[in-house]
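The values are calculated or read from the model by the stated rules, or taken from the named source; none is laboratory data. Everything numeric in this text was worked out from a predicted model, so none of it was measured. Here Cβ is always computed from backbone atoms with ideal geometry, including for glycine, and neighbour counts include all displayed protein chains. To get the accessible areas, we keep the full protein, side chains included, count just its heavy atoms, and leave off ligands, DNA and RNA. Shrake-Rupley method; radii C 1.70, N 1.55, O 1.52, S 1.80 Å.
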Amino acid sequence: MPQIPSTDDPQTTFRYPLRWRIMDALNYGLDRFWPARMSPYTGWALIMPALLLVGILVLGLFEMADSSLHTLDRAIFRPSEAYTLENYQAVMESATYGRVVMRSVFAAGLTVFFTLLLALPYAYIMVRTTRSAVRKALLVTLFLPFFIGQVVRAYGLLIILGTNGVANNALGLVGIEPIRLLFNFPAVVFGLVQYMLPFAVLMLAPALTAIPRETETAASSLGANWLQSFRHIVLPMAKPGLIGAGLVVGTLSLTDFAMPAMLGGGSQDFIANAIYDQFFRTADQGLGAALALLLVVLGSVIVGVVIALFGAGTLGMGSKK
Amino acid sequence: MTVQIAAKADATQAAREVAVRASHVSMDFGSGALAVDDASFELEKGRFLTILGPSGSGKTTLLRMIAGFQKQTAGEITINGKAVDAAPPHRRSVGMVFQKLALFPHMTAAENVAFPLKMRRFNPRQIAGRVDQFLDLVKLGGYGDRRINELSGGQQQRVAIARALVFEPDLLLLDEPLAALDVKLREEMQLEFRRIQHELGVTTINVTHDQREALVVSDNVIVMDGGRIQQQADPVALYRAPANPFVAGFLGLSSFVEGTATADGNLKVGDLVVQGTAARRFETGAPVVAAIRAEQIRLAGTREALAACDMTLEGRVCDTIFEGERQMYVVEIGALCGATFRVYHHDPDSFGLFRVGDPVALGWNRRDLKIFSPAA
Ligand SMILES: Nc1ncnc2c1ncn2[C@@H]1O[C@H](COP(=O)(O)OP(=O)(O)OP(=O)(O)O)[C@@H](O)[C@H]1O
Ligand SMILES: [Mg+2]
C-alpha cells in the first residue's frame with residue numbers, strides 16, 4: 001500500500017507540484033465564473049467570438065448593399081440621396097464588366113483544374129512514400145512559399161518570366177527568340193496555380209492519408225494495374241478532399257487581386273481589380289459596392305451548387321449527403 | 001462403394017501436385033533478427049494450410065512474400081512451378097483476404113465482388129451472374145446492393161471472401177481475417193471457410209495465432225516462432241506429437257518439468273525417475289525437459305485410485321480455476337522439487353471436489369509424457 005502523504009503532518013509537509021496547484025486554481029475560478037448549471041450554453045459561449053466576427057462581416061455587407069443602391073452624383077461627387085438600381089444596371093449593361101466576370105470565372109476554373117492536376121500526385125507521393133527524407137523534402141518545399149507571401153512571389157515571377165528573365169534566357173539557349181510571357185491571361189493563370197498549389201496539397205493530404213495502403217494493395221491483388229487502381233479506388237475515395245480543395249482554390253482564385261494586377265499588367269483584370277478601381281481610383285463607391293456584392297453572390301452560388309451536387313459530407317462535415 | 005474409392009484415389013492423385021513451394025526463404029528487414037528465417041515447405045493442390053504462431057513470429061511477412069507484395073531476401077517461392085515475382089502483382093492469380101478486409105467503401109457489396117472480374121476483362125454479360133453465384137456461396141444472396149458500411153462485421157468478412165474467390169485464383173491467402181470478430185462469429189466463420197474451401201477445392205493458406213482455428217480448419221499446420229518453422233504436420237499429429245517444447249506449449253495446455261536424461265530414456269528429477277517417452281535418444285545426464293498435457297493427467301484423492309496409470313505421484317492443490325466446461329487444478333509435486341502441474345477435470349459432478357491445500361494424487365501414462373531437449 002503506497003502511503004498518501006498527509007498535508008497537515010508537520011514533518012513531511014507535502015506540497016502538490018506547482019502545475020497541479022495552478023490547474024486546481026484555474027478549475028476553481030472557472031467553476032465560480034461558469035457554474036455547472038450553465039453547461040448547456042457552453043457550446044454557444046465557445047462559438048460566440050466566431051459569430052461576432054461573421055456578424056461584423058454581415059454588417060459590412062449590409063453597408064455595401066446600401067451604398068450600392070446610390071449612384072455617384074458627379075456634380076458634387078457625393079452619393080445620391082435616392083435609392084436606385086442604376087449601379088447594377090450599369091454593371092449588367094457594360095461589356096467590359098461582362099468580360100471581367102467571364103475572365104475571373106474562367107481563370108478560376110482553369111486554376112482549379114491545373115492545381116488539382118498537379119497537387120494530387122504531389123500529395124499522393126508525399127503521403128505514400130516510405131522514405132522519410134522524401135516526405136520531409138516535399139513538406140519543406142510545400143511550406144516555403146507560405147513564408148514569402150503572394151506579392152513577393154508574383155514579383156519573383158515577374159523577374160523569372162520577364163523578357164530578360166530566366167525563362168527567356170533558357171529559351172535563348174536552345175535558339176528561341178525571346179517571347180512575351182508576361183501580362184497575358186496564361187501568365188495570370190500560371191501565377192494563380194503556382195500560388196494555390198500548397199493550399200490544394202495541404203487539403204488533399206489528409207484525404208489521401210485516410211485511404212489505407214492496404215486498399216490499394218488489395219486492388220492490385222484483384223487485378224488492377226496502378227492506373228486502374230488510381231482511377232477506381234484512389235480517385236473516388238479522395239473525392240471529398242478533391243472537392244474541398246477545388247472549392248478553396250476556386251473561391252480564392254475567383255476573388256484574387258494580386259496575380260491579375262501584377263502578372264496581368266492591367267490588361268487582365270479580375271472582379272477584385274475592378275472593385276479596387278471603383279473604390280480607390282474613380283472613387284465611385286456605389287459601383288464598387290455593386291460589383292463586390294455581385295462577386296459575393298457569384299461565389300456563393302458556385303459553392304452552393306457544388307455542395308448541392310456532392311453533399312456537405314464531402315467537405316468533411318459528418319452527415320452523408 | 002467402388003466409385004467412392006475411385007474418387008478418393010483420384011483426389012489423392014490430384015493432391016500430389018504441389019501448388020506452393022517455399023525453399024529456404026528468409027526475410028531480413030535489417031533490424032537484427034530475421035523476420036523469416038530459412039523457411040521451407042510444400043503445399044499440395046487443393047489443401048488448406050494454416051500458418052500458426054504468436055505475434056511477431058513472421059506469419060504476415062511469410063504470407064506477403066507468398067502473395068508477392070514483398071520480396072524475400074533469400075530463397076525462392078513458386079506457385080504452380082512459377083516464381084511468384086515472375087509477373088507483376090495484378091497479373092498473378094492469388095486471391096487475398098486482408099486482416100482489415102480492405103473492402104472498397106465507395107462500392108456496394110456486388111460492385112466489390114465484381115471488381116476483380118472487371119479488372120480481368122471478363123465478359124460484362126457474365127459478370128452479374130457470377131457475382132450473384134459467389135454472393136450465394138458466402139450466403140449473402142440479396143445483399144448485393146448494400147454499401148459496405150451497411151453490412152455487419154461477419155457480412156463484410158463474407159464479401160471479402162467472395163471478392164477474393166470470384167476470379168477463381170490458383171491460391172487463396174487469408175491474413176488473420178477473423179481476428180477482429182467475436183468468438184461465436186469467429187467459430188462460425190471458421191466452419192464457413194472450411195465449407196467454401198471444400199466446395200471450391202481452392203488451395204488455401206491461412207494465417208492465425210488462434211490454435212483452435214488452426215486445428216479446426218486446416219489439413220496441414222505450420223507452427224512458427226521467431227521467424228522459424230517449428231513444425232509442419234496435420235492437426236492431429238501436431239497435437240499428438242509436438243516436435244519441441246515450443247509446439248507442446250503453444251498448442252493446448254502443457255506442464256513442463258526439467259531434469260536430466262537417464263540411460264533407459266526416462267527423466268530424472270532430483271532422485272526421482274519419471275517415466276516418459278522421447279522421440280530420440282539422449283546422452284545419459286544430458287539436460288532435458290518433459291511436457292505433459294493437462295487432459296492427460298488423472299487426478300484422484302489417493303494413489304490407490306489411480307492404479308491404472310504407469311506413474312503416480314502425490315501432491316497438493318495450490319490453485320483451482322473453474323472454466324465452465326471443466327475445472328483446472330494446479331498441483332504442486334513435492335517429490336519433483338516443487339514442479340507444478342496443470343490438470344483438467346471434466347466431470348461436472350466432481351467440480352469443486354478438491355480445495356486449495358488438499359493432498360491429491362496425480363497419475364499418467366508413460367507415452368503421454370514427452371521428453372525433449374530443452375528449447376534453444
Ligand atoms: N516492414 C517492416 N520493417 C521492419 N520490420 C518488420 C516489418 N514488417 C515486420 N517486421 C518485423 O518482422 C517480424 C515479424 O513480423 P510479422 O508482421 O510477420 O509478424 P506476425 O507473425 O504477422 O505477427 P502478428 O500476429 O502480430 O500479426 C516482427 O518482429 C516485425 O517487427
Ligand atoms: Mg500479422
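Remarks
- Solvent-accessible surface of region B:121-164, averaged per residue with a 1.4 angstrom probe and all protein chains in place: 54 square angstrom.
- Of the residues A:Trp34, A:Ile179, A:Gln89, the one whose Cα sits farthest toward the positive end of the charge dipole of the protein assembly as shown, with +1 on the Cβ of Lys and Arg and -1 on the Cβ of Asp and Glu, is A:Ile179.
- When the helices of chain B are scored as -39500 (n - 2.57) per DSSP H run of n ≥ 4 and the total is divided over every residue, the value at 222 nm lands at -8000 deg cm²/dmol.
- Listing of region B:113-147 residues, each with accessible area lower by at least 40 Å² in the full protein assembly than in the chain alone (probe 1.4 Å): B:Phe115, B:Met119
- Amide H contacts under 5 Å for B:Asp225, placed H, 5+ residues apart: B:Gln230
- Descending by average beta-carbon neighbour count within 10 Å, the peptides B:59-67, A:71-79 line up as B:59-67, A:71-79, the highest first.
- Both radii come from the Cα set of region B:225-291: Rg as radius of gyration, Rh as Kirkwood radius; their ratio Rg/Rh reads 1.00.
- Taking the 1.4 Å solvent-accessible surface of region B:18-240 as the whole, the part contributed by carbon and sulfur is 47%.
- Largest GNM mean-square fluctuation among A:Trp20, A:Trp34, A:Trp44, using chain A with Cα springs under 10 Å: A:Trp20.
- An ellipsoid equivalent to chain A, defined through the eigenvalues of its Cα gyration tensor, has semi-axes of 45, 35, 22 Å when rounded to whole angstrom and sorted largest first.
- Treating each Cα of the protein assembly as shown as an identical point scatterer and summing with the Debye formula, the log10 of I(q)/I(0) at q = 0.06, 0.10 Å⁻¹ comes to -0.64, -1.12.
- The string of couplings for region A:101-118 from the Karplus curve (6.51, -1.76, 1.60, θ = phi - 60°) is 5, 4, 4, 4, 5, 4, 5, 4, x, 4, 4, 4, 4, 5, 4, 5, 4, 7 Hz, one whole number per residue in order, with x for Gly and Pro.
- Based on Cα contacts under 8 Å between residues 6+ apart, region A:31-156 shows a relative contact order of 9 percent.
- Inter-chain neighbour count for B:166-177: the average number of beta-carbon atoms from partner chains within 10 Å of each residue's beta-carbon is 1.
- Overall dimensions of region A:138-201 by Cα: Rg and Dmax, Å: 13.3, 37
- Protein heavy-atom accessible area occluded, B/A pair - total, 1.4 Å probe, Å²: 1600 Å²
- 10 Å Cβ neighbours from other chains, averaged over peptide B:96-107: 5
- 3J(HN,Hα) from dihedral phi, region B:83-95, Karplus parametrisation 6.51/-1.76/1.60, rounded to Hz, x for glycine, proline: 4, 4, 8, 5, 10, x, x, 6, 9, 7, 9, 10, x
- Taking each of B:Lys59/B:Lys100; A:Lys239/B:Lys118; B:Lys45/B:Lys100; B:Lys45/B:Lys82; B:Lys45/B:Lys118; B:Lys45/B:Lys184 in turn, the alpha-carbon distance tops 24 angstrom for B:Lys45/B:Lys100; B:Lys45/B:Lys118; B:Lys45/B:Lys184.
- More than 29 Å apart - percent of Cα-Cα pairs taken over region B:18-240: 25 percent
- Dipole orientation for region B:18-240: of the candidates B:Gln230, B:Leu101, B:Thr208, B:Leu101 has the Cα lying most toward the positive pole (charges on Cβ; Lys, Arg +1; Asp, Glu -1).
- The long axis of helix B:124-137 is offset from the longest Cα principal axis of chain B by roughly 20 degrees.
- Heavy atoms of the protein chains alone define the surface here; on that basis region A:18-160 has 74 Å² accessible area per residue at 1.4 Å probe size.
- Value of Rg to Rh for chain B (Rh from inverse mean 1/r over Cα pairs, i.e. Kirkwood): 1.05
- In this entry, region B:254-372 is assigned a mean projected area of 6.9 nm², taken as a quarter of its C-alpha convex hull surface.
- Average accessible surface area per residue within region B:254-372, 1.4 Å rolling probe, Å²: 50 Å²
- Summing +1 for each Lys or Arg and -1 for each Asp or Glu among the other residues whose beta-carbon sits under 14 angstrom from that of B:Ala110 gives +1.
- Electrostatic tally near B:Ser26: other residues with Cβ closer than 9 Å to its Cβ, Lys and Arg +1, Asp and Glu -1, net -3.
- Helix B:109-119 and the longest principal axis of the Cα set of chain B meet at an angle near 70°.
- Gap separating the Cα centres of region A:290-312 and region B:278-326, nearest whole Å: 81 Å
- In degrees, nearest ten, helix B:153-165 long axis to first principal axis of chain B (Cα): 60 degrees
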